[in-house]
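Please read the structure below before turning to the comments.
The values are calculated or read from the model by the stated rules, or taken from the named source; none is laboratory data. Please read these numbers as outputs of a predicted model, since none were measured by experiment. Quick reminder, even Gly has a Cβ in these numbers, built from the backbone with ideal geometry, and neighbours come from all protein chains shown. Heads up: the accessible areas ignore ligands, DNA and RNA and are worked out on the full protein's heavy atoms, side chains in. Shrake-Rupley method; radii C 1.70, N 1.55, O 1.52, S 1.80 Å.
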Amino acid sequence: MPELPEVEVTRRGLADAIGGATIRAVALGKSLRWPLGLAPGELAGQRVLAVRRRGKYLLLDLQQGLLLIHLGMSGSLRFAHGLPQRGPHDHFDMETDRGTLRLHDPRRFGAVVWAAGEDDPQARKLLGTLGVEPLGEDFDFQAFHAALRASRMPIKQLLLAGRVVVGVGNIYACEVLFLARIRPTMRASAIGSQRARRLHGAIREVLARAVERGGSTLRDFSGVDGNAGHFQAEANVYGREGLPCRQCGTPVRLLRQGQRSTYFCPNCQRS
């Protein structure tokens with residue numbers, strides 16, 4: 001599933017290319033997770049003012065309203081002139097005077113939704129419960145530690161929930177907890193100040209490094225230029241069950257948490 005780094009890579013690749021472009025036409029393929037929210041023709045003539053990100057949502061600011069784009073489980077965006085004819089997994093084409101923006105999503109869990117603004121009920125429904133952005137200035141350690149102390153959830157489950165901090169998806173949660181030397185099953189409220197500070201720093205470090213590496217491509221993700229991400233190639237624990245830990249040589253273990261695969265080093269992450 002594309003997580004915060006993949007969406008941020010997409011935003012950076014798209015922002016300068018489509019910013020200022022005028023929409024000429026919009027064509028829809030098979031239905032996605034949620035309806036667009038207006039007739040596609042109503043978008044024609046509007047100009048794209050900016051491209052932002054909130055959590056795993058891309059926000060395209062228009063002259064009237066905004067488009068919220070979610071890549072779902074398997075989605076990716078391409079933006080180019082002369083894209084080939086739409087295939088069975090291409091579900092949204094937005095033609096502009098600078099090129100065509102296309103959402104390709106084999107599993108159709110993605111979405112493109114129009115809202116009148118961020119105060120629109122539809123936008124609030126999608127964005128209103130999201131936690132703090134981990135790469136922004138608002139990711140305050142004291143508030144983060146207080147949220148940990150207030151939760152009895154296992155720390156990995158809390159990170160994945162996205163209510164405290166957004167964007168720490170499964171691969172990144174495994175890597176973050178390894179770097180912070182915290183066992184994934186540890187109750188969040190039991191994490192003391194020193195380890196919480198390591199965890200706070202590890203979240204920033206891992207996500208920033210993933211963005212620099214173009215995100216992770218495990219199956220379907222590619223950037224707007226069609227290139228795959230490379231972060232997964234340098235993962236310390238994710239996907240490395242039975243292989244030696246890069247730090248201590250102990251075989252990496254796999255366990256299931258909430259139907260998700262959790263990879264960890266039993267020596268480096270003893271508690």
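Quick notes on this one:
- Normalised Debye scattering of the range 141-264 at q = 0.17 Å⁻¹ gives log10 I(q)/I(0) of -0.87, counting only Cα atoms as equal scatterers and leaving out solvent.
- From the largest down, the range 4-128 spans 37, 30, 29 angstrom on the principal axes of its Cα atoms.
- The chain: radius of gyration over Cα atoms, expressed as a fraction of 2.2 N^0.38 Å: 1.06
- Chain lengthening between Phe109 and Arg256 when straightened (0.36 nm per residue, less Cα-Cα): 50.6 nm
- Accessible surface of the chain [probe 1.4 Å, protein heavy atoms]: carbon and sulfur percent: 46 percent
- Each of Leu160, Pro35, Gly72 was scored by the projection of its Cα onto the charge dipole of the chain, and the greatest displacement toward the positive side belongs to Leu160; charges sit on the C-beta of Lys, Arg, Asp and Glu.
- With contributions of -39500 (n - 2.57) from each DSSP H run of at least four residues, the per-residue ellipticity at 222 nm computed over the chain stands at -8000 deg cm²/dmol.
- With the highest mean first, a sort of the peptides 79-88, 59-68 on other beta-carbon atoms found within 10 angstrom per residue produces 59-68, 79-88.
- Per residue, the chain exposes 46 Å² of solvent-accessible protein surface, assessed with a 1.4 angstrom probe and all protein chains in place.
- Computed from point charges on the beta carbon alone (+1 for Lys and Arg, -1 for Asp and Glu), the dipole magnitude for the chain about its Cα centre is near 1320 Debye.
- Cα centroid separation - the range 121-188 against the range 54-83, whole Å: 24 Å
- At q = 0.18, 0.29 Å⁻¹, base-10 log of I(q)/I(0) for the range 53-112 (Debye sum, equal scatterers on each alpha carbon): -0.64, -1.27
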